[in-house]
1. If you check every pair at least six apart or on different chains, which have Cβ atoms under 9 Å apart with a residue in the range 67-91 that is in contact (Cβ under 8 Å) with a residue 40 or more places away in the chain first and a residue that is open to solvent by 60 Å² or more (accessible area, probe 1.4 Å) and aliphatic (A, V, I, L, M) second?
2. Do the conditions hold for ALA30, that is, is it touching a residue at least 40 places away in the same chain (Cβ under 8 Å) and either out of contact with any strand residue (DSSP E or B) (no Cβ under 6 Å at 6 or more places or on another chain) or exposed (fewer than 10 other Cβ atoms within 10 Å of the Cβ) (or both)?
3. Would you be able to say whether some residue in the range 4-13 is open to solvent by less than 50 Å² (accessible area, probe 1.4 Å) and farther than 14 Å from GLY76 by Cβ?
4. Just to verify a result, which residue in the range 1-35, among those that are among the polar types (S, T, N, Q) and part of a helix (DSSP H, G or I), is modelled with the highest pLDDT?
5. Condition check: touching a strand residue (DSSP E or B) at 6+ places or on another chain (Cβ under 6 Å), in a loop (DSSP other than H, G, I, E, B) and open to solvent by 60 Å² or more (accessible area, probe 1.4 Å). Does GLU38 satisfy that?
6. Can you name the number of the only condition in (1) within 18 Å of MET1 (Cα to Cα); (2) charged (D, E, K, R); (3) in contact with a Lys or Arg (Cβ under 9 Å, 6 or more places away or on another chain) that GLU81 fails?
7. Give the residue, chosen from GLU43, GLU58, that is open to solvent by 70 Å² or more (accessible area, probe 1.4 Å), over 22 Å from PHE15 (Cα atoms) and either modelled with pLDDT under 95 or part of a strand (DSSP E or B) (or both).
Amino acid sequence: MATYIILSRFSPVAFGDPKEFKQLAATVSAKIRSECPEVTWKESFATLGRFDAVDIVESGDLKQVEKAAMIIRAYGHSTTETLVATPWKEF
């Protein structure tokens, strides 16, 4: 199973009030769970800087990770960058 890092930046029109973000995140998460069963969410972080969110996922199916990233883009009104992550001890 491979580990992937999904870096996201929210569009200024993604939500009008920061309180709306929790509902948006719940909607996106539910959509990914239902459409990408091969993706296991490990961690999610809100960040300050170039990206607004960092999600760490695992999957044995790259296509499922690609689909999850597209759901984040479409439903979350975000831009994403997805990276394959290899633990140092295996690199």
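The values are calculated or read from the model by the stated rules, or taken from the named source; none is laboratory data. Every value quoted in this text rests on a predicted model; they were computed, and no experiment measured them. Positions of Cβ are generated from backbone atoms using ideal geometry, with glycine treated the same way; all protein chains shown enter the neighbour counts. Each accessible area value is taken on the protein alone, full model and side chains, heavy atoms only, with ligands, DNA and RNA left out. Shrake-Rupley method; radii C 1.70, N 1.55, O 1.52, S 1.80 Å.
1. HIS77/VAL13; THR80/MET70; VAL84/LEU62
2. On the way: touching a residue at least 40 places away in the same chain (Cβ under 8 Å): no; either out of contact with any strand residue (DSSP E or B) (no Cβ under 6 Å at 6 or more places or on another chain) or exposed (fewer than 10 other Cβ atoms within 10 Å of the Cβ) (or both): yes.
So ALA30 does not fit the description; no.
3. Of the range 4-13, the ones open to solvent by less than 50 Å² (accessible area, probe 1.4 Å) are 4-8, 11.
From what is left, the residues that are farther than 14 Å from GLY76 by Cβ are 4-5.
Yes, the conditions are met somewhere in the range 4-13.
4. Applying the first criterion (among the polar types (S, T, N, Q)) to the range 1-35 yields 3, 8, 11, 23, 27, 29, 34.
Restricting the remaining residues to those that are part of a helix (DSSP H, G or I) gives 23, 27, 29, 34.
Values: GLN23: 85, THR27: 89, SER29: 91, SER34: 96.
For the range 1-35, the residue satisfying everything is SER34.
5. Numbers: touching a strand residue (DSSP E or B) at 6+ places or on another chain (Cβ under 6 Å): yes; in a loop (DSSP other than H, G, I, E, B): yes; open to solvent by 60 Å² or more (accessible area, probe 1.4 Å): yes.
The answer is yes for GLU38.
6. GLU81 satisfies all of (1) within 18 Å of MET1 (Cα to Cα); (2) charged (D, E, K, R); (3) in contact with a Lys or Arg (Cβ under 9 Å, 6 or more places away or on another chain) except (1).
7. Numbers: GLU58 fails: open to solvent by 70 Å² or more (accessible area, probe 1.4 Å).
It is GLU43.
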